[in-house]
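The values are calculated or read from the model by the stated rules, or taken from the named source; none is laboratory data. Only a predicted model underlies this, so the values are computations on that prediction, with no experimental measurement involved. Using ideal geometry, Cβ is built from the backbone for each residue, glycine included, and neighbour counts are taken over all protein chains shown.
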Amino acid sequence: MGEESHKPASTPTGAVFLSYASQDAGAAQRICAALRSAGVEVWFDQSELRGGDAWDQSIRKQIKTCALFIAVISKTTHERAEGYFRLEWKLAVDRSHLIAADKAFLVPVVIDDTRDDDERVPEKFREVQWTRLPAGETPPEFVWRIQQLLSVEASSSPTVVRGLAVVASGRRLKPAWLAAAVALAAVATYLLVGKPWTAKPAQPAAFAPPPHSIAVLPFVNMSADKEQEYFSDGLTEELLNSLSRINELQVSARTSSFSFKGKDTDLSAIAHKLNVASILEGSVRRAGNTVRITAQLSNAVTGFHLWSQTYDRNLSDVLQLQTEIANAVAGALKIALLGDVTAKIEVGATRNPAAFDAYLRASKAYRGALDRQGLEDAISGYTEAIRIDPEYAIPYADRSIALSDFARNWAREDAAIRDYKDRAQLDARKAITLAPELANGHLALASLLEGALDFAGAAEQYERALALAPGSAKVLRYYAFFTSQMGYIERSLAAAHHAVVLDPLNADRYLLLAIVELAARRNTEAIVTLKSAQAIAPTDRGIYAWLAFAYYVSGDYSSALSPCERADDANKPLCLSLIYNRLGRHGEALASLGKFHAERGESSALLYAIIYTQWGDKPRALDWLDTAMRHHDPYLEKLKTSANFDPLRDEPRFQAIERELKFPN
């Protein structure tokens with residue numbers, strides 16, 4: 001525990017109390033960061049002093065009412081006979097005697113090699129299961145365990161506010177720490193983590209979603225003109241985005257929420273599928289420049305209506321309306337908002353109704369498949385929004401991403417590709433200039449820098465985007481993939497898990513998680529995750545491709561062949577070349593590579609390098625890597641973590657290429 005005082009008004013009760021010695025503050029901060037990233041609010045001391053009656057009363061009240069008491073144990077704690085943490089431990093032990101024996105309250109966490117039979121640790125601590133988190137590094141499984149314990153506590157005691165906050169008695173963290181804490185994003189998923197750290201066998205859990213979790217269902221278009229559906233859908237998405245900018249709220253992502261559009265699904269069933277505690281629904285009626293919006297918030301657990309309101313507004317007031325609804329929802333859910341929520345919601349936005357309308361039309365075009373016409377329509381729509389309001393930052397960021405997609409998928413000549421990427425970078429930087437707090441601007445720039453192999457610059461922008469939008473499944477997706485390629489496996493796994501929690505009905509989120517698991521060499525887990533993705537999108541040929549690769553790197557070449565044959569055209573030549581060779585069908589492997597090379601030329605140099613590496617032809621593999629370097633092939637980011645390149649890692653030429661790419665340590 002730290003040696004500073006508490007400001008009683010800022011420390012809520014009925015949550016989790018984290019006790020640690022001041023020398024262990026760094027480890028305690030990492031534990032707090034992981035819990036906060038999981039949707040629990042982390043509170044810290046507000047002053048530098050300790051002691052006094054106010055502090056003593058506050059500590060006693062918090063320990064008396066908290067749901068769980070986490071004691072950080074180390075050599076520091078058992079070597080020190082005195083310290084405020086000793087008082088906290090005594091208070092917690094005294095309270096534990098009043099709690100039923102089968103009720104979890106004490107959660108000892110050991111951050112070094114302290115033995116669990118060390119007699120200098122209170123006997124009551126030694127009677128319960130210990131968790132070892134070396135240096136405070138906190139995996140998603142531990143967060144999951146805490147959430148489960150809090151869920152049990154909440155269901156058994158109506159006085160406990162489950163999972164609302166962590167009260168950390170220690171030095172207040174500085175703002176610079178926040179980006180790193182959010183970057184860890186160690187959010188445990190109820191869907192994917194199946195290893196509870198309790199001594200008793202796990203029991204089927206009752207429906208117990210995070211209390212401040214919400215899904216925004218597509219608002220129904222009540223306008224006479226059915227073509228106005230782009231407006232009702234777009235406005236719904238803007239409300240969803242507004243709510244997701246409230247850090248205290250966990251918001252289900254668009255793909256999962258919109259999967260119920262047009263379906264007569266019971267709210268309780270939706271809540272169970274999305275694991276949310278509340279649901280916002282409504283309708284939109286537009287006539288010219290006026291709009292009527294009706295919104296209704298329901299408690300998904302009890303079925304009771306929490307709040308409803310009808311708004312009649314001019315289109316120029318839509319931005320203010322988004323803020324009003326977001327604040328009303330927060331109020332109905334009894335969320336204590338931190339910071340200026342209005343500023344977060346309105347960052348980079350416009351008050352010009354024509355510009356807003358053009359943006360919504362562009363967004364509808366972009367939501368479709370990445371076909372050429374859809375991208376061209378989206379770019380045109382974003383351009384129109386910018387023409388109407390040149391200070392409108394959001395379409396600059398979105399146009400940047402659309403231009404990047406067009407360069408990647410449809411531009412063929414090198415000059416055209418460079419032109420689209422240059423325009424995309426100008427847009428991203430313009431968005432950041434207009435709205436430095438707009439996460440999508442930093443996300444767009446990060447993606448461009450990543451593609452340009454500027455990994456240090458990309459890392460800085462991704463960290464900034466995640467710090468600004470920790471509840472965005474889109475930001476988490478980009479961040480998780482990038483960090484997996486850079487070798488930051490724990491960060492990438494945590495972010496990928498978080499994306500699944502926010503978007504549980506989106507197959508792409510499971511595909512992302514599987515890609516991250518493959519980078520972590522967790523091949524068996526990746527196969528299970530890919531099958532979860534298939535259950536959602538059974539015809540997605542890209543999922544078949546990754547399933548083939550997962551079987552391949554696991555050494556199960558026979559199982560790899562069938563999904564490879566069903567893979568998408570972009571990946572099939574690669575996986576067939578690899579798998580045919582492993583199955584002894586060398587002639588077919590050569591034919592597949594020959595066809596692949598004839599169609600792609602040098603543009604797929606990195607992929608040819610993979611094939612020759614796996615065939616055991618190291619000289620040719622290294623020659624193709626040299627070619628990839630000459631072309632600045634963006635797939636070179638795979639060199640650091642891909643198992644496909646393991647046979648080359650001791651080669652001096654390969655090591656020289658790695659040094660030239662300047663991967664972060």
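Values for this structure:
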item: The lone exception for Pro652 - which of (1) loosely packed, with under 15 Cβ neighbours inside 10 Å; (2) over 25 Å from Ala520 (Cα atoms) it fails; result: (2)
item: Any chance Lys334 is within 27 Å of Thr294 (Cβ to Cβ), more than 24 Å from the chain's Cα centre (by Cα) and charged (D, E, K, R); result: yes
item: Among residues of region 631-665, those that are out of contact with any helix residue (DSSP H, G or I) (no Cβ under 8 Å at 6 or more places or on another chain), of a type in the set (D, E, K, R) and over 20 Å from Leu574 (Cα atoms), counted; result: 2
item: Among (1) part of a strand (DSSP E or B); (2) crowded, with 24+ Cβ neighbours inside 10 Å; (3) out of contact with any helix residue (DSSP H, G or I) (no Cβ under 7 Å at 6 or more places or on another chain), the one test that Leu280 misses; result: (3)
item: Hits in region 554-568 - residues which are touching a residue at least 24 places away in the same chain (Cβ under 8 Å) and touching a helix residue (DSSP H, G or I) at 6+ places or on another chain (Cβ under 8 Å); result: Ser554, Tyr557, Arg566, Ala567, Asp568
item: Criterion (of a type in the set (A, V, I, L, M, F, W, C) and touching a Ser or Thr at 6+ places or on another chain (Cβ under 6 Å)) met by exactly one of Ala560, Ala519, Ala533, Ala550; result: Ala519
item: Filter result (outside any helix (DSSP H, G or I) and aliphatic (A, V, I, L, M)) within region 401-431; result: Ala411
item: Total residues in region 583-611, condition touching a helix residue (DSSP H, G or I) at 6+ places or on another chain (Cβ under 7 Å) and of a type in the set (Asp, Glu); result: 2
item: Residue in region 385-400 that is at pLDDT 90 or above, surrounded by fewer than 16 Cβ atoms within 10 Å (Cβ to Cβ) and part of a helix (DSSP H, G or I) present; result: yes
item: Counted residues, region 224-265 - those being under 16 Å from Val475 (Cα atoms), β-branched (Val, Ile, Thr) and surrounded by fewer than 22 Cβ atoms within 10 Å (Cβ to Cβ); result: 1
item: Breaking point among (1) out of contact with any helix residue (DSSP H, G or I) (no Cβ under 8 Å at 6 or more places or on another chain); (2) surrounded by 15 or more Cβ atoms within 10 Å (Cβ to Cβ), for Pro436; result: (2)
item: Any hit, region 37-59, residues being among the hydroxyl-bearing types (Ser, Thr, Tyr), closer than 30 Å to Glu463 by Cβ and at pLDDT 55 or above; result: yes
